[in-house]
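Read through the structure below, which is laid out as structure tokens, and then see the notes.
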Amino acid sequence: MIIPKSIKEIVILTGAGISAESGIRTFRDQNGLWENHDIMEVASPGGFERNPEVVYEFYNLRRKQLLSVEVSPNLGHISLSRLQDLFKGRVSLVTQNVDDLHERSGFKNILHMHGELLQMRCVKSGKVFSTKEPFDERTNCPCCLQAGNLRPNIVWFGERPFHMKEIEDLLSSCDLFISIGTSGEVYPAAMFVNLAKENSHCVTIEVNKEVTQVSHNFDYLISGKASEELPKLIDKILNL
Ligand code: OAD
């Protein structure tokens, strides 16, 4: 693998695979989250309209699990924070994950393109509030003081991911793009590698324990678990 010494702008994309070793299930692996659920019932505006109580329950349970003592950042998250702290240039992180494990490992200014589990949003005002507690249609909204206006601040199928303009700007100017633990099945994240490669000098690396739908688009594939492969890759980048 050849990574030029001159790199200054790194963009990292993470998916469920980086949190798998912290005890959070991925979506599409065996025993994945979607296996026991109809995606459209728990992750679409239509599903929320039809069955709000099922959707609140799904995210309340996931939030509770995220906050349980068994879940904490692993060496994959920790080595990315190390890279941000020690790299001579800029390191930006775009995550599809709705957990807060990158924050807990010390990474700063994360772009959560699919929202955050520890947030709720008022559908009337659009205001976002932090929460560690369960909430549902009976919970009073902190801004409009009415029940029935809060939803999880999660991007559902058919909705536009957050921070897209900023993400596209970062991709258009990066010289190293690393995609970690994502299946490449969900757009627009699946095409970020193509946007990065519009810079002819941008080097692209995929870290995954399996070959994905989009592996063929990358310059280099690192096959293995994020917690084992990232510490080595990050050392290599810091020693350029
Ligand atoms: P997926 O469940 O689709 O893919 C997880 C990927 O992680 C797979 O390619 C696995 O091979 C890989 N993987 C699993 N364990 C790993 C490990 N220890 N180290 C490295 N790789 C590992 O999850 P995402 O690609 O994140 O969106 O899914 C994208 C979006 O689909 C999610 O953000 C979610 C879902 O619909 C929303 O909820 C809006």
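Between Glu185 and Leu145, what's the calculated FRET efficiency when r is the beta-carbon distance and R0 is 41 Å? Round to 0.05. Can you show the working numbers first?
Numbers: r = 41 Å, r/R0 = 0.99.
Result of the calculation: an efficiency of 0.50.
How charged is the neighbourhood of Ala147? Take every other residue with its Cβ under 11 Å from the Cβ of Ala147, and add Lys/Arg as +1 and Asp/Glu as -1. That sum, taken over residues with Cβ under 11 Å, equals -1.
Per the helix-only calculation at 222 nm, which mean residue ellipticity applies to the chain, given -39500 (n - 2.57) for every DSSP H run of n ≥ 4 and division by its residues, nearest 500 deg cm²/dmol?
Working: 9 runs with 74 residues, N = 240.
Computed mean residue ellipticity for the chain: -8500 deg cm²/dmol.
Label sites at Arg104 and Glu53, each approximated as a point 7 angstrom past Cα along Cα to Cβ, lie 3.1 nm apart. Think of the chain as a dipole: +1 on every Lys or Arg Cβ, -1 on every Asp or Glu Cβ, centred on the Cα centre; then among Pro52, Val203, Ile222, Val203 lies furthest on the positive end. Here's the picture: a label point sits 7 Å out from the Cα of Asn60 along the beta-carbon direction, and within the range 83-124 the residues with their amide nitrogen under 17 Å of it are 117-121.
Restrict the search to the range 69-124; then list the trypsin sites (Lys or Arg not before Pro) that DSSP places in a loop and that have at most 12 other Cβ atoms within 10 Å of their Cβ. The partial results should precede the final answer.
Details: sites: Arg82, Lys88, Arg90, Arg104, Lys108, Arg121, Lys124; in loops: Lys88, Lys108, Lys124.
Listed in order of number, the matching sites are Lys88, Lys108.
Could you compute how fast the range 73-139 diffuses translationally, taking Rh as the Kirkwood radius over C-alpha pairs and applying Stokes-Einstein at 4 °C with viscosity 1.567 mPa s? Give it in µm² per second.
Taking Rh from Cα pairs, D becomes 95 µm²/s.
How high is the FRET efficiency from Glu210 to Asp235, r the C-beta distance, R0 22 Å, rounded to 0.05? Efficiency, rounded to the nearest 0.05: 0.40.
Taking a threshold of 30 Å on the Cα-Cα distance, which of the pairs Lys64/Lys165; Lys8/Lys165; Lys5/Lys165; Lys127/Lys165; Lys8/Lys127 fall above it? In this structure, Lys64/Lys165; Lys8/Lys127 lie more than 30 Å apart at Cα. Taking only the alpha carbons of the chain, we obtain Rg and Dmax values of 18.3, 57 Å in that order.
Hydrodynamic radius of the range 38-152 by the Kirkwood approach over all distinct alpha-carbon pairs: 15.7 Å.
Note on exposure: His216, His201 ranked by accessible area (1.4 Å probe, complete protein assembly) read His216, His201, with the most exposed listed first. Could you tell me which helices of the chain pass both thresholds, a Cα extent of 20 Å or more along their own axis and a mean Kyte-Doolittle hydropathy of at least -1.0, with helices taken as whole DSSP H runs? For the chain, where a helix must reach 20 Å along its axis and average at least -1.0, the hits are 52-66. Cross-link partners for Lys209 among the lysines, with Cα-Cα distance under 22 Å and sequence neighbours closer than 8 places in the same chain left out: Lys225, Lys232, Lys236.
The values are calculated or read from the model by the stated rules, or taken from the named source; none is laboratory data. Remember, it's a predicted structure, so these values are computed and weren't measured experimentally. Reconstructed Cβ throughout: ideal geometry from the backbone, glycine too, with neighbour counts over all protein chains shown. These accessible areas exclude ligands, DNA and RNA; they are computed on the full protein's heavy atoms, side chains included. Shrake-Rupley method; radii C 1.70, N 1.55, O 1.52, S 1.80 Å.
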